[in-house]
Amino acid sequence: MKDGLKLFVAAAASLIGLASSGAGAPSWESTLTKDPPGDFPELRPVRTTYHFGWSGITAGKGEMHFTKLGPKRFQMEAKGGTTGFARALWKLDATYHGTASTETLRPIESKQVEAYRRKKITTELTFTDEGVSRIRSEMPGSKDNKPKIFNFPGLFDLHGAMLYLRSQPLTDHSVYRIVVYPATSAYLATVTVLGRERIAVHAGSYNAIKFDVQLKRVGKNLELEPHKKFRRATIWVSDDENRIPLRIEAQIFVGTVFADLYAGQFDQEKN
């Protein structure tokens, strides 16, 4: 669940090289998608509920609310936690608040709080054109007030990555490569559009766009490293004017975890 609400992005193919020696940029940077935001209609304000699980067993749920704050900012608010038998084994409640630019679809700032049985971790990110500044604290424990900087232009968080990818044409077999910074590390994400198919989730049956997602961690010196816990994921997004995530299946170190759209409701438009 800690990364379950976040894993909406993708990463690098095996042919992408490690950072090159010397002062030049690493070779994989040349493979990044440089396209500006597409002209697909922006997402309307919407509330969605997802159920999360492991090996076919529901173990948690989450709620998300996407809105637009005036002409320049999108906002995503989310909360969730473990439920039932899973909660008895591993208690977790998490919240997320993030904003993104309506023009560039890149993140502006975010705050994530993870409350476990015996500790609470708060992660705050501030994005600029040059990179991201992170402040992370743990209670009980010492609070780290000194920001940690990761310099890399054009970063996304998961909220911004979702907005950017849904804006694109998403033709079959197209590939998008971006760098995402969801919490404490950067990842090279490769998203491949596998095609279209029909999928049924609790919220209903939908025509869907199917994606393959792969990740590689970007190290301190911009070298690429395998993700220690994440192997790959498949994501289905509604193939309509909304392009809302319907289902995620991620192969991680403990097996296959999933998120299913349980319910969705668009906000009523103000007159």
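For segment 187-202, the tally of residues that are open to solvent by less than 30 Å² (accessible area, probe 1.4 Å) and either touching a residue at least 40 places away in the same chain (Cβ under 8 Å) or touching a helix residue (DSSP H, G or I) at 6+ places or on another chain (Cβ under 8 Å) (or both) stands at 6. Can you tell me which of Phe74, Phe66, Phe52 is in a strand (DSSP E or B), over 25 Å from Ala233 (Cα atoms) and touching a Phe, Trp or Tyr at 6+ places or on another chain (Cβ under 9 Å)? Just a single option satisfies the conditions, and that option is Phe74.
Kindly indicate the residue of segment 44-72 that is over 21 Å from Pro245 (Cα atoms) and touching a residue at least 12 places away in the same chain (Cβ under 8 Å) and also surrounded by the fewest Cβ atoms within 10 Å (Cβ to Cβ) among those meeting that condition. By that ranking, first place goes to Pro71. Taken over segment 179-196, the criterion of being within 17 Å of Thr123 (Cα to Cα) and touching a Ser or Thr at 6+ places or on another chain (Cβ under 8 Å) is satisfied by Ala183, Thr184.
For Val191, the conditions (1) aliphatic (A, V, I, L, M); (2) over 18 Å from the mean Cα position of the chain (by Cα); (3) modelled with pLDDT of 95 or more all hold with the exception of (2).
Can you tell me which residue in segment 203-221 is least open to solvent (accessible area, probe 1.4 Å), limited to those that are out of contact with any strand residue (DSSP E or B) (no Cβ under 8 Å at 6 or more places or on another chain) and modelled with pLDDT under 95? Residue satisfying both the conditions and the ranking: Asn221. The residues of segment 37-84 that are within 18 Å of the chain's Cα centre (by Cα) and of a type in the set (Asp, Glu), listed by number, are Glu42, Glu63, Glu77.
For segment 104-126, a tally of residues being within 25 Å of Pro41 (Cβ to Cβ) and in contact (Cβ under 8 Å) with a residue 40 or more places away in the chain returns 5. Going by what's in this entry, would Asp172 be described as under 24 Å from Leu194 (Cα atoms) and open to solvent by 70 Å² or more (accessible area, probe 1.4 Å)? Criteria met by Asp172. When segment 104-134 is limited to residues that are more than 19 Å from the chain's Cα centre (by Cα) and not small (Gly, Ala, Ser), the one that is least open to solvent (accessible area, probe 1.4 Å) turns out to be Tyr116. Any chance segment 83-102 includes a residue that's buried (at least 16 other Cβ atoms within 10 Å of the Cβ) and in contact with a helix residue (DSSP H, G or I) (Cβ under 6 Å, 6 or more places away or on another chain)? Within segment 83-102 (the criterion being buried (at least 16 other Cβ atoms within 10 Å of the Cβ) and in contact with a helix residue (DSSP H, G or I) (Cβ under 6 Å, 6 or more places away or on another chain)), the answer is yes, since at least one residue qualifies. Phe40 meets all of the listed conditions (1) aromatic (Phe, Trp, Tyr); (2) farther than 22 Å from Tyr176 by Cβ; (3) modelled with pLDDT of 95 or more; (4) open to solvent by 20 Å² or more (accessible area, probe 1.4 Å) but one, namely (2). Residues of segment 73-82 being closer than 23 Å to Asp35 by Cβ and open to solvent by less than 70 Å² (accessible area, probe 1.4 Å), which ones? Hits for segment 73-82 are Phe74, Met76.
The values are calculated or read from the model by the stated rules, or taken from the named source; none is laboratory data. Quick caveat, the model's predicted, so the values are computed rather than measured. Ideal geometry is used to build each Cβ from the backbone, glycine not excepted, and the neighbour counts take in all protein chains shown. For accessibility, only protein heavy atoms count, side chains too; no ligands or nucleic acids. Shrake-Rupley method; radii C 1.70, N 1.55, O 1.52, S 1.80 Å.
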